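Novice: Here's a structure for you.
The values are calculated or read from the model by the stated rules, or taken from the named source; none is laboratory data. Just so you know, these numbers come straight off a predicted model, no measurement behind them. Cβ: placed from backbone, ideal geometry, glycine included. Neighbour counts: every protein chain shown. For accessibility, only protein heavy atoms count, side chains too; no ligands or nucleic acids. Shrake-Rupley method; radii C 1.70, N 1.55, O 1.52, S 1.80 Å.
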2 protein chains.
Amino acid sequence: MKLKHHLFVCMNQRPPGHPRGSCGGAGAGSVYEAIAGEIEKRGLFEQIMVTGTFCMGPCDKGPTVVVYPDGVWYGGVKPKDVAEIFDTHLVSGEPVKRLRIM
Amino acid sequence: MKLKHHLFVCMNQRPPGHPRGSCGGAGAGSVYEAIAGEIEKRGLFEQIMVTGTFCMGPCDKGPTVVVYPDGVWYGGVKPKDVAEIFDTHLVSGEPVKRLRIM
């Protein structure tokens, strides 16, 4: 199996009110669920994989989602953005500019 | 910052004796430390990043380490393998065949 895309979602959780914030605290769990749901809905299990991670760094811009092999980093991702990431980026090959942090 | 390589180490931990095993139970913590140490020793903070993850699937072949953007999956990685992964793969561009699972 050679994946077309592997998405990594930071799931790091800090306590509410923590000055650094956290992806988990900003809703990463729902983003993970939305990505997993989209993979299922589109039948892309062989092509697209999603994995939760520990801290990847840009905590103040979370939830962070990194797409490989593209090396595209998204920040502030919400569940409602996930279909657009699939349509525009994963299917059509054009990263979603407004969400890109790197 | 554009990373040259991003390594993902599965840190999933199941109880000792669990029939599926786990990367954490097979020593993934030490592998993560060895990779982080090698990045520090070689001064590669701007080029190589390591991130711990939740389960990536091949639990019976753990510890699992995935290298992007290459899309190379390693299994059964031990701390003593880490310098070779750096020398052979990350520096010279040739994946380490004997550790490769995908």
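Novice: Which percent of the accessible heavy-atom area of region B:1-101 goes to carbon and sulfur, probe 1.4 angstrom?
Specialist: Heavy-atom surface of region B:1-101 belonging to carbon and sulfur, 1.4 Å probe: 54 percent.
Novice: Using a Gaussian network model of chain A with C-alpha springs under 10 Å, which one of A:G25, A:G17, A:G37 is most mobile by mean-square fluctuation?
Specialist: A:G17
Novice: How big is the accessible area of A:S30 in square angstrom, nearest 10, if you roll a 1.4 angstrom probe over the protein chains?
Specialist: About 70 Å², rounded to the nearest 10.
Novice: Heavy atoms of the protein only, probe of 1.4 Å, neighbouring chains included. What is the accessible area of A:L99 in Å², nearest 10?
Specialist: Probe radius 1.4 Å; accessible area of A:L99 about 10 Å².
Novice: Please turn the phi angles of region A:75-83 into ³J(HN,Hα) values with the Karplus equation 6.51 cos²θ - 1.76 cosθ + 1.60 (θ = phi - 60°), one per residue in order, whole Hz, x for glycine and proline.
Specialist: Values per residue, Gly and Pro as x: x, x, 6, 10, x, 5, 7, 5, 4 Hz.
Novice: Between region B:46-102 and region A:29-80, what is the separation of their alpha carbon centroids in Å?
Specialist: So the separation of the two Cα centres works out to 21 Å.
Novice: Something else now. Which lysines, if any, have their Cα less than 29 Å from the Cα of A:K97, not counting same-chain residues under 8 positions apart?
Specialist: Reachable lysines: A:K2, A:K4, A:K41, A:K61, A:K78, A:K80, B:K2, B:K4.
Novice: Using the Cα centre of the protein assembly as shown as origin and beta-carbon charges of +1 (Lys, Arg) and -1 (Asp, Glu), tell me which of A:T53, B:H89, A:L3 is placed farthest towards the positive end of the dipole.
Specialist: A:T53
Novice: If DNA, RNA and ligands are ignored and the probe is 1.4 Å, what is the ranking of A:R14, B:R98 by accessible area, most exposed first?
Specialist: Of A:R14, B:R98, the descending order of accessible area is B:R98, A:R14.
Novice: Would you calculate, for chain A, the mean residue ellipticity at 222 nm contributed by helices, counting each DSSP H stretch of 4 or more residues as -39,500 (n - 2.57) and dividing by all residues, to the nearest 500?
Specialist: -5000 deg cm²/dmol
Novice: With N denoting the number of residues in chain A, provide Rg(C-alpha) divided by 2.2 N^0.38 Å, to two decimal places.
Specialist: Taking N as the residue count of chain A, the ratio is 1.01.
Novice: How do B:E46, A:E84 stack up against each other in accessible area, from largest to smallest, with a 1.4 angstrom probe?
Specialist: If we order B:E46, A:E84 from most to least accessible, we get B:E46, A:E84.
Novice: Here's a follow-up. Students often get this wrong: which residues of region B:34-56 have the backbone nitrogen under 13 Å from the point 7 angstrom along Cα-to-C-beta of B:R20?
Specialist: It comes to B:54-56, nothing else.
Novice: What does the accessible area of A:K2 come to, in Å² to the nearest 10, when a probe of 1.4 Å is used?
Specialist: The value for A:K2 is about 140 Å².
Novice: Using only Cα atoms and rounding to the nearest 10 degrees, what angle (0 to 90) does helix B:28-42 make with the longest principal axis of chain B?
Specialist: With rounding to tens, the tilt is 10 degrees.
Novice: So, for region B:5-91, what is the accessible surface per residue at a probe of 1.4 Å, expressed in square angstrom?
Specialist: 43
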